[in-house]
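Each remark here refers to the structure printed beneath this line.
Values quoted throughout were computed directly from the atomic coordinates according to the rules given, and no laboratory measurement underlies them. Note that the structure is predicted; figures quoted are calculated from it, not measured. Here the Cβ positions follow ideal geometry from the backbone for every residue, glycine too, while neighbour counts run over all protein chains shown.
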Ligand SMILES: Nc1ncnc2c1ncn2[C@@H]1O[C@H](COP(=O)(O)OP(=O)(O)O)[C@@H](O)[C@H]1O
Ligand SMILES: [Mg+2]
């Protein structure tokens, strides 16, 4: 992966009449990167990708592909390609004809087209005999691979995906996630992948850009976003989480041992602690931070158990432990604890900005 950005977005704004869908956003995408753009429905993901592929023009701002400004270049003149959710293949034509279609549009000679199609079949791990097979004789997964082969036909620099797997069933989605990741590795191309599924983004991407209401909330590798979310919104978007409001180094209901007291002295913000970082303490056992409550409900997650623990005068806490460390069901009083290394403090500015 190169360090030079292949794509640069600068102060990009998109307005539809009075409504602003994108608020002057910036983004650098590295050459060869797999970037996932994640966000709730209506956050502006499709609007952004439409500007990037040239299906629409920005109201303000610029898009650069390496050294060329491309935001006014028509879609068919850009070295980028969009893979849609609906595959838009020609069902009565052959696999070969479908893959060659973009090359035919570009007036590539038939022999060259066929050679390229066969190369792409191999890349997508489809047998060469599929060249003559009709699309409507292919399975769902095979069609998806043909669509990918077609997207790669004219060797685009960047491939864009707008929720390509969201209409598929779970098993096929999981298989294709792996194949897409693998295809990315083998082609070395830049993939920009929109999804509302965080899980999908986490499995496949090098970095995740989290979008909210037409802005990026955070852009970082998944592990970093998970461990160090910049806002409450991101923390909650990244799965089950416990958030505690800290004022001047104190959180009502939490007992800080010396290490935590030193760490948090004078601090104000939101303390983020993931459920798997909270332990159920044995009598006499100590932790940097301790709190207590009564188990309200339990929920089995395969080898783990998730508890909701009610607390007096405070929000419930979610705890996730290995099944062998389970301590009993609803009604049982528990003491919980976590270490300072499991804590992340969100600054109040970031929290307010996200509100
Ligand atoms: N052509 C349009 N005219 C007016 N509003 C639009 C248009 N396209 C999108 N929007 C609005 O912009 C916002 C972002 O939409 P979209 O980019 O499709 O979100 P996402 O893909 O994240 O679900 C939504 O509020 C949507 O209603
Ligand atoms: Mg969309």
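The long axis of helix 95-105 is offset from the longest Cα principal axis of the chain by roughly 70 degrees.
With a simple spin-label model that places each label point 7 Å from the Cα along the Cα-to-Cβ direction, the separation between residue 299 and residue 265 comes to 3.9 nm. FRET efficiency for the pair residue 4 and residue 248, taken as 1/(1 + (r/R0)^6) with r the Cβ-Cβ distance and R0 = 51 Å, rounds to 0.65. Ordering 189, 114, 77 from the fewest to the most neighbouring beta carbons within 10 Å gives 77, 114, 189. Treating the angle as unsigned and between 0 and 90°, give the value, to the nearest 10°, between the Cα long axis of helix 170-187 and the longest Cα principal axis of the chain. On a 0 to 90 degree scale, this one is about 70. On the basis of the beta-carbon distance and an R0 of 45 Å, residue 11 and residue 134 show a calculated FRET efficiency of 0.40. Taking a virtual spin label 7 Å from the Cα of residue 68 along the C-beta vector, which residues in the stretch 159-202 bring their backbone nitrogen under 20 Å of it? The answer is 159-160, 189-192. Over all pairs of different C-alpha atoms in the stretch 219-266, the reciprocal of the mean inverse distance, the Kirkwood hydrodynamic radius, equals 12.3 Å. Each principal axis of the stretch 216-355 carries a Cα extent, and these read 41, 33, 25 Å when sorted largest first. Taking all Cα pairs closer than 8 Å and separated by 6 or more residues, the relative contact order of the stretch 5-229 comes to 29 percent. Restricting the calculation to Cα atoms, the stretch 1-79 shows an Rg/Rh of 0.96 when the hydrodynamic-style radius is the Kirkwood one. Here the chain carries DSSP beta bridges of which approximately 75% are antiparallel, counting only pairs with both residues inside.
Per the Debye calculation on the stretch 104-244 with a single equal scatterer at every Cα and no solvent contribution, log₁₀ I(q)/I(0) for q = 0.16, 0.17, 0.18 Å⁻¹ amounts to -0.91, -0.99, -1.07. For the chain, the longest principal axis of the C-alpha atoms and the axis of helix 110-123 are separated by about 20°. Between residue 167 and residue 125, the contour length at 0.36 nm per residue exceeds the alpha carbon distance by 12.8 nm. Here's the picture: a label point sits 7 Å out from the Cα of residue 322 along the beta-carbon direction, and within the stretch 277-304 the residues with their amide nitrogen under 11 Å of it are 304.
Overall, the ratio between the Cα radius of gyration of the stretch 161-289 and 2.2 N^0.38 Å, rounded to two decimals, is 1.37. Sorted from greatest to least, the principal axis extents spanned by the alpha carbons of the chain come out as 78, 45, 36 Å. Values of log10 I(q)/I(0) for the stretch 277-355 across q = 0.13, 0.22, 0.26 Å⁻¹ run -0.46, -1.03, -1.24, by the Debye formula with one identical scatterer at each alpha carbon and no solvent.
Subtracting the Cα-Cα distance of residue 23 and residue 282 from their residue separation scaled by 0.36 nm leaves 88.2 nm. Checking the a/c ratio against 1.5 first, then a/b against b/c, what shape does the Cα gyration tensor give for the stretch 125-178? Oblate.
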